[in-house]
Amino acid sequence: MVPEQRSQGYAGDLTAAEAWELLSREPDAQLIDVRTAAEWNFVGVPDLSSIGRKAHCVEWQSFPSMAPNRDFVQQAGAALGGRKDVPVLLLCRSGGRSRAAATALASAGHTRSFNIAGGFEGDLDRLHHRGQQNGWKAANLPWKQT
């Protein structure tokens, strides 16, 4: 399922399962993980090796200051080989930073920029834990520790 263009400028939100299906179906589709290096190292990253690819890691903000990465659009564009027409799926912890990154890429001319709603770890549950309700891990999609 590919959602319609939304008013926020990017192509729309996908669940983690929809993102996996799109990555599996479209050979040009790319995943960019916009979390911080600390998150990649301590929480893990999506493992796309079973479909012959890897996730690109490009910080939207830098830990520990969480200062914006002013070179994000340029770095993401380089990871995409300069192509602005490929489906690019953006992932963060729960979907907020990746939504902002999807909007930034759409504003820079990336016509198929999607946010993965729920992110890698998903929303907080009633016990204030992540990973059980939604997101990449809750969907039991492949991931690994770096």
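The values are calculated or read from the model by the stated rules, or taken from the named source; none is laboratory data. Since the structure is predicted, the reported quantities are computational estimates derived from the model, not experimental observations. So basically every Cβ, Gly included, is an ideal-geometry build from the backbone, and we count neighbours across all protein chains shown.
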| task | Say whether the condition of being surrounded by fewer than 15 Cβ atoms within 10 Å (Cβ to Cβ), more than 10 Å from the chain's Cα centre (by Cα) and at pLDDT below 95 is met by at least one residue in the range 8-17. | result | yes
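Conditions (1) in a loop (DSSP other than H, G, I, E, B); (2) in contact with a Ser or Thr (Cβ under 7 Å, 6 or more places away or on another chain), marked per residue:
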{"residue": "GLY9", "(1), (2)": "yes, yes"}
{"residue": "GLU21", "(1), (2)": "no, no"}
{"residue": "ARG35", "(1), (2)": "yes, no"}
{"residue": "LYS54", "(1), (2)": "yes, no"}
{"residue": "ARG70", "(1), (2)": "yes, no"}
| field | Conditions (1) within 15 Å of the chain's Cα centre (by Cα); (2) in a loop (DSSP other than H, G, I, E, B); number of the one not met by LEU90 | value | (2)
| task | With the condition kept exactly as written, say whether any residue in the range 47-58 is surrounded by 15 or more Cβ atoms within 10 Å (Cβ to Cβ) and among the small types (Gly, Ala, Ser). | result | yes
| field | Only one of GLY118, GLY81 that is surrounded by fewer than 19 Cβ atoms within 10 Å (Cβ to Cβ), part of a loop (DSSP other than H, G, I, E, B) and at positive phi | value | GLY81
